[in-house]
1. Given the conditions (1) modelled with pLDDT under 95; (2) of a type outside the set (Ser, Thr, Tyr); (3) out of contact with any Gly (no Cβ under 8 Å at 6 or more places or on another chain), report the number of the one that residue 145 does not fulfil.
2. Can you work out which of the residues in segment 56-85 that are in a helix (DSSP H, G or I) and among the aliphatic types (A, V, I, L, M) is nearest to residue 101 (Cα to Cα)?
3. Within segment 27-45, track down each residue that is of a type in the set (D, E, K, R) and at pLDDT 95 or above.
4. Name the residues in segment 199-220 that are within 57 Å of the chain's Cα centre (by Cα) and surrounded by 15 or more Cβ atoms within 10 Å (Cβ to Cβ), would you?
5. If a residue counts only when it is open to solvent by 70 Å² or more (accessible area, probe 1.4 Å), which strands (runs of 3 or more DSSP E) contained entirely in segment 272-351 have at least 1 such residues?
6. Among the residues of segment 322-347, write down those that are of a type in the set (Val, Ile, Thr) and more than 28 Å from residue 180 (Cβ to Cβ).
7. In segment 371-393, how many residues are of a type in the set (Val, Ile, Thr) and open to solvent by 20 Å² or more (accessible area, probe 1.4 Å)?
8. Quick one: residue 367 ticks every box in (1) within 34 Å of the chain's Cα centre (by Cα); (2) within 15 Å of ligand 1 (Cβ to nearest atom); (3) open to solvent by less than 10 Å² (accessible area, probe 1.4 Å); (4) closer than 18 Å to residue 256 by Cα bar one, so which box is it?
Amino acid sequence: MTARAENERIRVLLIDDDPEDYLITKGLLEDIHSQPFVLDWVDGYDAGLTAISQGTHDVFLVDYRLGARDGIQLLAEALTKNSSAAVILLTGQGQYEIDHLAIETGAADYLEKSRLDSILLERSIRHALLQKHYEAKLEANVAERTQELERLNENLKKESLERKKAVEALREADRRKDEFLATLAHELRNPLAPIRNALTIMRLKPDSPDAIERATGMIDRQVGHMVRLIDELMDISRITRNKLRLVPERLQISEVISAAIELSQPQIEKAKVTLSVQQYPTEVILSADRLRLAQVFSNLLDNAAKYTEPGGTITIGIEVLNRELAVSFRDTGIGIPAEQMPFLFELFTQIDRTLKRAQSGLGIGLAMAHRLVKMHSGALEATSGGLGQGSTFTVRLPLDTD
Ligand SMILES: Nc1ncnc2c1ncn2[C@@H]1O[C@H](COP(=O)(O)OP(=O)(O)OP(=O)(O)O)[C@@H](O)[C@H]1O
Ligand SMILES: [Mg+2]
């Protein structure tokens, strides 16, 4: 027999304190044609327990009688050590109740020593091995399935958490919408009182050109304000429904900055703040929607003016970095608390409305600017040192590469 063949033979350990039994078993196994088994032998309970626990052999033949103790005890003790060895119990004549116990305890089979023959022994060993093989396979399947279930469970937990977050976000959006409706009603109602006053004046003083002039001026301004408000609303609704189409053209950034300053001039004057524009490269050409980009810049300028105390400053900076244009609007105003930063560009966000911080407006200016800049493949960023530390809003836009 070659060494290799020896390795492939099934290793059987006999645990039996009777040397004669070893010789008998050895003889039986040797009778088997093709010699598939190698037999070893230990003669005591403790050596047997160690061997079974460590799984030193493929199959263990355990004699029921082992000194003061017995094979079932040995099997039970080995099981407590997580053994999964294939064990066949060898019993004396007529020990039927032990046979039963052996199977219950986890033996693969039991054999009555006195009736043992080669064929029976071989069949029993092979059967025990096959049984262990299937048990192991089953265990592996169960382990795999358990793992799969755990994974599914983990995914379900994650999904449920995400759903909870989504519901929370929807609730928050809903709450902001309610708040927005109240603000909208307020903002639309506001101009009506001065308009009504103007009409009363016109009725009372139909012959005073001065009074008529002032009254019509007032009506004009208030109607203008309402038109702007409603236009803004229509714009944002178009943007959120993806109905707004940009009309891009090649233009100089200076033209857009001038247009925005012109749009925001009344706000800047009203706020009594100083506007300064830093030096910048004269030839910066980009592809953008002229009106929409001016609207973005003007929104940022309006905010800078609105949220800065009189006497403060707004600075516009323009930089070109790696084919990217950065236009920043820095103010010396009331600043933005860090915890509000994440919500700044969401629709209807107004910080500290209760503290009358939001002077007027609907809380849609920044959301609109953010979306319009995104539609230009750019990004809008905000930074602030915190309350009272001023704010900076930066619009980043890709520049034409040709
Ligand atoms: N430059 C700024 N400094 C401090 N706070 C700002 C500044 N810009 C915006 N904010 C804060 O962000 C909120 C959202 O701005 P946004 O422009 O969207 O709304 P609004 O100015 O209140 O109203 P609207 O622009 O619709 O007329 C403002 O209410 C304000 O609290
Ligand atoms: Mg605004």
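The values are calculated or read from the model by the stated rules, or taken from the named source; none is laboratory data. These numbers come from a predicted model, not from an experiment. Cβ sites come from the backbone with ideal geometry, for glycine too, and all protein chains shown count toward neighbours. All accessible areas refer to the heavy atoms of the entire protein, side chains included, with ligands and DNA or RNA removed. Shrake-Rupley method; radii C 1.70, N 1.55, O 1.52, S 1.80 Å.
1. (1)
2. 72
3. First, the residues of segment 27-45 that are of a type in the set (D, E, K, R): 30-31, 40, 43.
Once the filter is applied, which keeps residues that are of a type in the set (D, E, K, R) and at pLDDT 95 or above, segment 27-45 yields only 40.
4. Within segment 199-220, 218, 219 qualify.
5. 274-277, 313-321, 324-331
6. Taking segment 322-347 and keeping what is of a type in the set (Val, Ile, Thr), we get 327, 332, 334, 336.
Selection gives 327, 332.
7. Of the residues in that region, 2 qualify.
8. (4)
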